[in-house]
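Undergrad: Here it is, the structure, as structure tokens.
The values are calculated or read from the model by the stated rules, or taken from the named source; none is laboratory data. From a predicted model like this one, the values you see are computed outputs, not experimental measurements. Every residue, glycine among them, receives a Cβ derived from its backbone with ideal geometry; neighbour counts consider all protein chains shown. Each accessible area value is taken on the protein alone, full model and side chains, heavy atoms only, with ligands, DNA and RNA left out. Shrake-Rupley method; radii C 1.70, N 1.55, O 1.52, S 1.80 Å.
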Amino acid sequence: MAMAVQVSLIGTDRVVDRALAIYRAHLERAIEVSLGDMVDREIAVDVARLSVVAAGDSRIAEIMVDETVLCAQVTAAIWSLAEQGWQANVIVPASRMGEAHASLRGVPCRLQAWWEDDAGISFGAYERP
């Protein structure tokens, strides 16, 4: 339960900043954009405003799912990204990995958990839903 409280206090801004720093440390060009700016179909407003870390060289789009969106709501966006040649990674709080696995089974994406501890923002290994 403590993880859910941390998530709502942190939001995804610090997670985005950490992901950008990791890409840049590997000399990869990466920017933050909204999910709505990347997809070619209509999606719900709350989904469209989600932050994405887009790494242009490797064509990876990391969708930062926050506490206001159910994982299943990003399905249409993931399919759109896949059709455009992007590898979609859905980044979720560690406490929501079960939901992500159940909701995104069969969808062309990878899942990655994040959490915060004394060392800062950390990421788990990629998993297939």
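Undergrad: How much net charge surrounds Glu83 when only the other residues with a Cβ under 12 Å from the Cβ of Glu83 are counted, with Lys and Arg +1 and Asp and Glu -1?
TA: Numbers: positive: Arg41; negative: Asp40.
Surrounding charge for Glu83 is 0.
Undergrad: Quick one: of the DSSP bridges fully inside the chain, what percent are antiparallel, nearest 5? Please report the intermediate quantities before stating the final value.
TA: On the way: 14 of 25 bridges.
Of all bridge pairs located within the chain, approximately 55 percent are antiparallel.
Undergrad: How large is the Kirkwood hydrodynamic radius of the stretch 31-129, counting all unique pairs of alpha carbons, in Å?
TA: Numbers: mean 1/r = 0.0747 Å⁻¹.
Radius from the Kirkwood sum: 13.4 Å.
Undergrad: Another one. Could you state the accessible area per residue of the chain in Å², with a 1.4 Å probe and every protein chain left in place? Working shown, then result.
TA: Working: 6470 Å² over 129 residues.
Ligands and nucleic acids excluded, the figure is 50 Å² per residue.
Undergrad: With r as the distance between the Cβ atoms of Ala82 and Arg49 and R0 = 22 Å, compute the FRET efficiency 1/(1 + (r/R0)^6) and round to 0.05.
TA: Here the calculated transfer efficiency is 0.60.
Undergrad: Length gain on complete extension for the stretch Glu28 to Asp13, per 0.36 nm per residue less the alpha carbon to alpha carbon distance? Show your work: numbers first, answer last.
TA: Numbers: separation 15, 0.36 × 15 = 5.40 nm, distance 1.96 nm.
My answer for the length gained is 3.4 nm.
Undergrad: So, with a 1.4 angstrom probe, what is the percent of accessible area on the stretch 16-129 that is carbon and sulfur?
TA: Carbon plus sulfur share of accessible area: 53 percent.
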